[in-house]
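Reviewing the structure listed below.
We did not get these values from a lab; they are worked out from the coordinates using the rules stated. On a predicted model such as this, the values are computed, not experimentally measured, just so you know. All Cβ positions, glycine included, derive from the backbone under ideal geometry; neighbour counts span all protein chains shown.
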Amino acid sequence: MGSKWSGKRWVVAVIKKMWDISWDLWEHKNHVLHKQDYIVRDQSIRMIKYHITTLFMRLHQGNLLDNVRHLIHLPLSDLLSNRLDYKIGWLKVAEPALAREKAVSWRHSNVSTRMMEIKRRSMRSWLEENG
């Protein structure tokens with residue numbers, strides 16, 4: 001045939017091509033199988049970042065106790081760019097801290113409301129007696 005390639009060279013080229021095809025098929029199969037996993041993982045990461053942002057903003061608005069002020073010491077951008085395990089750990093500490101802060105705030109506002117109600121009753125009774 002006048003080819004410069006020997007039979008051995010042709011066999012090597014065919015085997016290499018078969019390996020390439022096998023590799024491409026394997027990658028395609030994995031992409032199809034795990035595409036949903038990647039989508040779910042990306043959505044989970046987006047949800048975690050949204051949750052962190054929301055909690056961070058809420059914590060910034062409240063009067064935090066001294067033992068949880070470290071939660072907002074790091075800028076939000078640094079917190080969001082940290083490793084996933086760090087973010088999950090931060091959430092595990094921040095959620096209960098916010099819940100405690102809400103409970104303290106609710107008790108404080110509830111005490112204020114009760115005190116105001118007591119003052120109103122006293123004023124009403126005084127007005128009824130002297131009015």
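In this structure, does Ile39 turn out to be in a helix (DSSP H, G or I) and touching a helix residue (DSSP H, G or I) at 6+ places or on another chain (Cβ under 6 Å)? No, not satisfied.
Scanning the stretch 1-48 for residues that are over 20 Å from the mean Cα position of the chain (by Cα) and aromatic (Phe, Trp, Tyr), we see that the one that is nearest to Leu91 (Cα to Cα) is Trp26. Within the stretch 1-34, restricting attention to residues that are of a type in the set (Gly, Ala, Ser) and assigned to a helix (DSSP H, G or I), the residue that is surrounded by the fewest Cβ atoms within 10 Å (Cβ to Cβ) is Gly7.
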